[in-house]
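J.: First the structure, which I've put down as structure tokens, then a few questions once you've had a look.
The values are calculated or read from the model by the stated rules, or taken from the named source; none is laboratory data. Remember, predicted model here, so these are calculated numbers, not experimental data. With ideal geometry, Cβ positions are generated from the backbone for all residues, glycine too; neighbour counts draw on all protein chains shown. Each accessible area value is taken on the protein alone, full model and side chains, heavy atoms only, with ligands, DNA and RNA left out. Shrake-Rupley method; radii C 1.70, N 1.55, O 1.52, S 1.80 Å.
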Amino acid sequence: MTQYTTLKLTKLETIAHINLQWSDPSQLNAVCLSELIVLMNDLEDDETCQLIIFWGLNTQQSQIAIPPAFDDCSKWEKVLRRLEGFAGASIAAIDGYCTRFYFQLALACDYRVSTARSLFQMPEVKEGYLPGMGVFRLAKYTGIGVARRLLFTGAQFSVEEAIALGIVDLACETTALEQTIEEVQQALMPIHPQVLQNTRRLLNESFATSYEDAIGHYLAVQDLCLSQLSDRT
């Protein structure tokens, strides 16, 4: 198993628990990026992995961000796209102040569980640069008007508002986070990786693809899924 220094990977049967341990989550450094790339390689190669859970998505409000290098922006987005294309589900466990790269990562996950004490913020626009493709993802959850307000003002917002906007799926007390994640795991099971992967793809494409174009993909995937079900029975 790969030895990581900026994260801890624990594999329990079909579930990969990723505990992020970045020394400064307000910055995107070369070590974090390289280890995330290796992590995605490992997870994609592991045919038994059906669910990824990210822990430790919180930082300190006092940290001063350093804008990322341009080349790192591209590498970071490739990692998030691989996560979004993963043949399995992903959950972000948020407990505290979720901002910058942690917020961007959470938006790329399928499901977000947050504690009641958590706060959210995307301050990058007010600092003079973009919050990655969080601009693209945030608007899909909130609508353009709300995304414009959150991005242009860089305002903090609570768990209650995040739930109302569709950004957070479920909230709980800090002491109940592990139990709540376990309940979400059970709700997602059983996971059929190819079915889930293609369902996610159809959902993402629904914002920009015509019905006529989408139905061809749907029928191709449905034929594959039904054939596999028939083979198992």
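J.: Tell me which residues come under 5 Å, amide H to amide H, from Ala116 once H is placed; ignore anything under 5 positions away on its chain.
T.: Cys172, Glu173, Thr174
J.: Counting only DSSP beta bridges with both residues in the chain, tell me the antiparallel percent, nearest 5.
T.: So the antiparallel bridges in the chain amount to around 30 percent.
J.: Given a 1.4 Å probe and the protein chains all in place, what does the accessible area of Val195 round to, in Å² to the nearest 10?
T.: Counting only protein heavy atoms, Val195 exposes about 60 Å² to solvent.
J.: Given DSSP loops and a limit of at most 16 other Cβ atoms within 10 Å, what is the longest stretch of the chain that contains no such chymotrypsin sites (Phe, Trp or Tyr not before Pro)?
T.: For chymotrypsin sites (Phe, Trp or Tyr not before Pro) (loop position, at most 16 other Cβ atoms within 10 Å), the longest site-free span of the chain is 1-128.
J.: What whole-number distance in Å separates the alpha-carbon centres of the stretch 44-95 and the stretch 139-161?
T.: Comparing the Cα centres of the stretch 44-95 and the stretch 139-161, I get a distance of 20 Å.
J.: How large is ³J(HN,Hα) for each residue in the stretch 102-118, as worked out from phi by the Karplus curve 6.51 cos²θ - 1.76 cosθ + 1.60 (θ = phi - 60°), to whole Hz, x for Gly and Pro?
T.: 5, 5, 4, 5, 4, 5, 7, 7, 6, 9, 10, 10, 10, 7, 5, 8, 6
J.: Ok, one more. Lys78 to Ser206: extension gain in nm, 0.36 nm per residue of separation minus the Cα-Cα distance?
T.: 43.9 nm
J.: Would you mind counting up the charge near Gly132? Only other residues with Cβ under 12 Å from its Cβ, with Lys and Arg at +1 and Asp and Glu at -1.
T.: +2
J.: Follow-up question, since we're still on this one. Per-residue accessible area for Ile163 at 1.4 Å probe radius, Å² rounded to 10?
T.: Answer for Ile163: close to 70 Å² accessible.
J.: Please find the FRET efficiency linking Ile66 to Ala220, where r is the Cβ-Cβ separation and R0 is fixed at 45 Å, and quote it to the nearest 0.05.
T.: Approximately 0.50, to the nearest 0.05.
J.: Continuing with this model, one more query. Could you tell me which GluC sites (Glu not before Pro) in the stretch 23-61 are loop residues by DSSP with no more than 10 other beta carbons within 10 angstrom of their beta carbon?
T.: Listed in order of number, the matching sites are Glu47.
J.: Between Gln21 and residues 5 or more places away or on another chain, which pairs have amide H atoms under 5 Å apart, with H built 1.01 Å from N, and which residues are they?
T.: Leu7, Lys8
J.: Suppose the chain between Arg149 and Arg232 were pulled fully straight at 0.36 nm per residue; how much longer would it get relative to their current alpha carbon spacing?
T.: Here the segment from Arg149 to Arg232 would lengthen by 24.9 nm.
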